[in-house]
Structures are given as C-alpha cells and as structure tokens.
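As structure tokens, the structure follows; a few thoughts come after it.
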Amino acid sequence: YATCTLNPLENEQIIEQFLASHQNWQIVSPDPWLSENYTIIPPGYLKVLPHHHDRDGFFMVKLQKNLALRE
C-alpha cells in the first residue's frame, strides 16, 4: 500500500482498519538496508519525509496474506 501523502487518515488508519477486518493479512517488515535512507516506523511503515529526504512525502507498507490462516 502506498500513498503520496503523510496524512495518518489515509495511511496508518487505513492499514489498521484493514488489518482489523482481515485477520489473515500482516505487515511485512521492510528490508533493513532501507532504514539507511528512509524512516521506518514500527510495525513496518516506511515514510519518505520531505524535511529529511529532500523530496515529496510518501507512505508505504508491504502487506502479505498469510495463507495458513483463513478468514
């Protein structure tokens, strides 16, 4: 999931709502090397911050369906 905004209503809250209603999905932690250049916020949100990265703000999170679980 990715957006070109840092608004929690469009990012964290959407993901939290999705995960609350889709128990068989989970956040996948970003590759550790990404933390050298970007801000990673637990539980695995990656943010591009304009004041740190000298570019537009972005929010990204990788989701994966856990096939071992069923809804």
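With R₀ set to 22 Å, the beta-carbon distance separating Asn7 from Leu34 gives a calculated FRET efficiency near 0.55.
Loop-located trypsin sites (Lys or Arg not before Pro) in the chain (DSSP state other than H, G, I, E, B) with a sparse environment of at most 11 neighbouring Cβ atoms within 10 Å: Arg55, Arg70. A helix-only calculation puts the chain at -5000 deg cm²/dmol for mean residue ellipticity at 222 nm, using -39500 (n - 2.57) for each DSSP H run of at least four residues, averaged over all residues.
GNM on the chain, C-alpha springs below 10 Å: top fluctuator among Ile41, Ile27, Ile15? Among Ile41, Ile27, Ile15, the largest mean-square fluctuation in the Gaussian network model of the chain belongs to Ile41. Taking all Cα pairs closer than 8 Å and separated by 6 or more residues, the relative contact order of the chain comes to 40 percent.
Suppose all protein chains stay in the model; what accessible area per residue would a 1.4 Å probe give for the chain, in Å²?
Working: 5080 Å² over 71 residues.
With the other protein chains kept in place, the chain gives 72 Å² per residue.
Once the convex hull of all Cα atoms in the chain is built, its volume per residue stands at 78 Å³. Residues of segment 8-34 falling in the label zone of Leu63, defined by backbone nitrogen less than 20 Å from a point 7 Å along Cα to beta-carbon, are 8-31. Across the accessible surface of the chain, with the other protein chains kept in place and a 1.4 Å probe, carbon and sulfur atoms take up 54 percent. Rounded to 0.05, the FRET efficiency of the Asp56 and Gln23 pair, given R0 = 30 Å and the Cβ-Cβ distance, is 0.35.
The values are calculated or read from the model by the stated rules, or taken from the named source; none is laboratory data. Nothing here was measured: the structure is a model prediction, and the numbers come from that model. Note that we place each Cβ from the backbone using ideal geometry, even for glycine, and neighbour counts take in every protein chain shown. Accessible surface is based on the protein model in full, side chains and every heavy atom, while ligands, DNA and RNA are left aside. Shrake-Rupley method; radii C 1.70, N 1.55, O 1.52, S 1.80 Å.
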